[in-house]
Amino acid sequence: STSNAGVLDADEDGDLDEDHKLLLQSSLPLLKSRNSAVVLAVCSLQYYCGVASIKTRSALGKALVRIHRDRREIQYVVLVSIRTLVKECPSAFSPFLNDFFVKGMDPSFTRMIKLDILVSLCIDPAAIEAILTELRTYVRHNDRAFACASIRAVGKITELARVVYDRRAFTAGLDASSARREANIIALNCLSGLVTLSEFSRNQLVVGECAETMQRILAQLWSRGYDSINGTDFEIVTDPSRVQERALKRLLLILVRSLSPEEDDNTDEEKPEHDKLKTRTVRVPGNAISSIVWVIGEWFILSKARSPWNIDLEKKACIQLETLRLLSRCFPELNSGIKLQAVHLASKMLLMVKANAH
């Protein structure tokens, strides 16, 4: 009890009533109880009525990680509590990162919670690398819902990676541009993996989730960042492997396949080009189509210096016209999200035509 009593420092609980302080200090030794309900009750007491200190949260995190290795019913309740606590104090659980990796025998509800916890633990470069390595296996899981959630997690981590590397550069006084390049390398590697997954998967939901996550990553890579230390814009993303070009080509192929008319089963006429398209990709849900149309529209208006796929103007104009033709042909059947992005795309192209005319 002596070691646990030191968790509450005098400067942290100095404003508390003596009875309140005594309650908190007396409950901490119960974190070592073998009864999971007792440990969880103490954690709830400390979370809602205690002092929000790193020492206290670390003690709670250690106790919760210990009791989460129990029966799956208890494990679920404990993991839900950890998911809530880790968002406010991820450092309390970062030493136990490996404990939250998904095991082969974990039920589906446990896998989903662990995935949320892993995303919240991306607070340093080492954790980001370890979790992304784990996600390479998760995105190919037989449980399609879990695979889709893992793909979404990849997109979240690429966004967190930029924040983590920028923060590390700011606090350690490192070069901000170098930190941003490291974050961009992570984003490009994730983008390359998603392109490959969309090429080999035949599941509509998985391919659609890949398309939506690719849109998030490309939006991040194409955004203009500002270096507050040097007072300049960050340089254009270096992409020697032309991953962004691969992603654009893949998204265009998925868009054409999704907007193409269904093959008539009653016709005897052979259409080898349509059959070839069917073998290369699948149709995706409406949300994914909206994301793809947004990406294509942004690529159309990028300057030549910033465009990741530089083709001659004639070919680019053909792609623009064909994209608009496909969208206009099936416009009445599209959902509201796709219609909105289609109108935005047409507006961007109209403004480009007017700007070029002047």
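Please list, ordered by chain and number, the residues whose modelled amide H lies under 5 Å from the amide H of PHE93; skip anything fewer than 5 residues away on the same chain.
none
Residue by residue through segment 139-148, what is 3J(HN,Hα) from phi via Karplus (6.51 cos²θ - 1.76 cosθ + 1.60, θ = phi - 60°)? Round to whole Hz and write x for glycine and proline.
Couplings: 5, 9, 5, 5, 6, 5, 5, 5, 4, 5 Hz.
For the pair SER192 and LEU22, how long in nm is the line joining their label points, each one 7 Å along Cα→Cβ?
In this crude spin-label approximation the distance works out to 6.4 nm.
To the nearest Å, what is the center-to-center distance of segment 115-153 and segment 191-222, using C-alpha atoms only?
Centre-to-centre (Cα) distance: 14 Å.
(i) 0.99; (ii) 1.08; (iii) 1.17: which one is Rg/Rh (Cα atoms, Kirkwood Rh) as calculated from this entry?
Evaluating Rg/Rh (Cα atoms, Kirkwood Rh) on these atoms matches (ii).
Cα convex hull of segment 1-142: mean projected area in nm², to one decimal? Can you show the working numbers first?
Details: hull surface 35.6 nm².
Average projection, Cα convex hull of segment 1-142: 8.9 nm².
How large is the helix-only mean residue ellipticity at 222 nm for the chain, computed as the sum of -39500 (n - 2.57) over DSSP H runs with n ≥ 4, divided by its residue count, in deg cm²/dmol to the nearest 500?
Numbers: 15 runs with 238 residues, N = 358.
The helix-only estimate for the chain comes to -22000 deg cm²/dmol at 222 nm.
Using packing as a proxy for protection, rank 92-101, 136-145 so that the peptide with the highest average count of other Cβ atoms within 10 Å comes first. List each step's numbers first, then the result.
Values: 92-101: 17.2, 136-145: 14.3.
For the peptides 92-101, 136-145, the packing ranking is 92-101, 136-145.
Which entries of LYS103/LYS249; LYS156/LYS354; LYS114/LYS249; LYS304/LYS354; LYS315/LYS339; LYS32/LYS103 show an alpha-carbon separation above 29 angstrom in the structure shown? Don't jump to the answer; show the numbers that get you there.
Values: LYS103/LYS249 36 Å; LYS156/LYS354 37 Å; LYS114/LYS249 34 Å; LYS304/LYS354 18 Å; LYS315/LYS339 25 Å; LYS32/LYS103 26 Å.
From the list (LYS103/LYS249; LYS156/LYS354; LYS114/LYS249; LYS304/LYS354; LYS315/LYS339; LYS32/LYS103), the Cα-Cα distance tops 29 Å for LYS103/LYS249; LYS156/LYS354; LYS114/LYS249.
Can you list residues from other chains, or at least 5 along the same chain, whose modelled amide H is less than 5 Å from the amide H of SER53?
none
In whole Hz, with x marking every Gly and Pro, tabulate ³J(HN,Hα) for segment 322-328 from phi via Karplus 6.51 cos²θ - 1.76 cosθ + 1.60, θ = phi - 60°.
5, 5, 5, 5, 5, 5, 6
Pop out the carbon and sulfur fraction of the accessible area of the chain as a percent, whole number, probe 1.4 Å.
Details: 10230 of 18960 Å².
About 54 percent, which is the carbon plus sulfur part of the accessible surface.
So what is the relative contact order of segment 99-187, in percent, for Cα pairs below 8 Å that sit 6 or more residues apart? Mind dumping the intermediate values first?
Values: 71 pairs, mean separation 21.1, N = 89.
Here the relative contact order equals 24 percent.
For segment 73-115, max minus min Cα coordinate along each principal axis, in Å, sorted largest first?
Principal extents (largest minus smallest coordinate, Cα): 27, 19, 15 Å.
State in Å² the accessible area per residue of segment 93-168; use a 1.4 Å probe, count heavy atoms of protein chains only, and round to the nearest integer.
Working: 3290 Å² over 76 residues.
Roughly 43 Å² per residue, with all protein chains present.
Starting from the 7 Å offset along Cα-to-Cβ, what nm value, one decimal, do you get for the label separation of ARG329 and GLU88?
5.6
Helix 125-138 versus the longest principal axis of the chain: what angle, 0 to 90°, nearest 10, using Cα atoms?
The angle comes out at about 60 degrees.
Restricting things to alpha carbons, tell me how big segment 281-330 is in terms of Rg and Dmax, in Å.
In order Rg, Dmax, the Cα atoms of segment 281-330 give 12.2, 34 Å.
So what's the Cα pair-distance distribution over segment 80-193, bin width 10 Å, in %?
14, 45, 32, 8, 1
The values are calculated or read from the model by the stated rules, or taken from the named source; none is laboratory data. This one's a predicted model, so the numbers in the text were calculated from it and none came from an experiment. Methodologically, a virtual Cβ is constructed for each residue, glycine included, from the backbone with ideal geometry; neighbour enumeration extends over all protein chains shown. Calculation scope for accessible area: heavy atoms of the full protein, side chains included, ligands and nucleic acids excluded. Shrake-Rupley method; radii C 1.70, N 1.55, O 1.52, S 1.80 Å.
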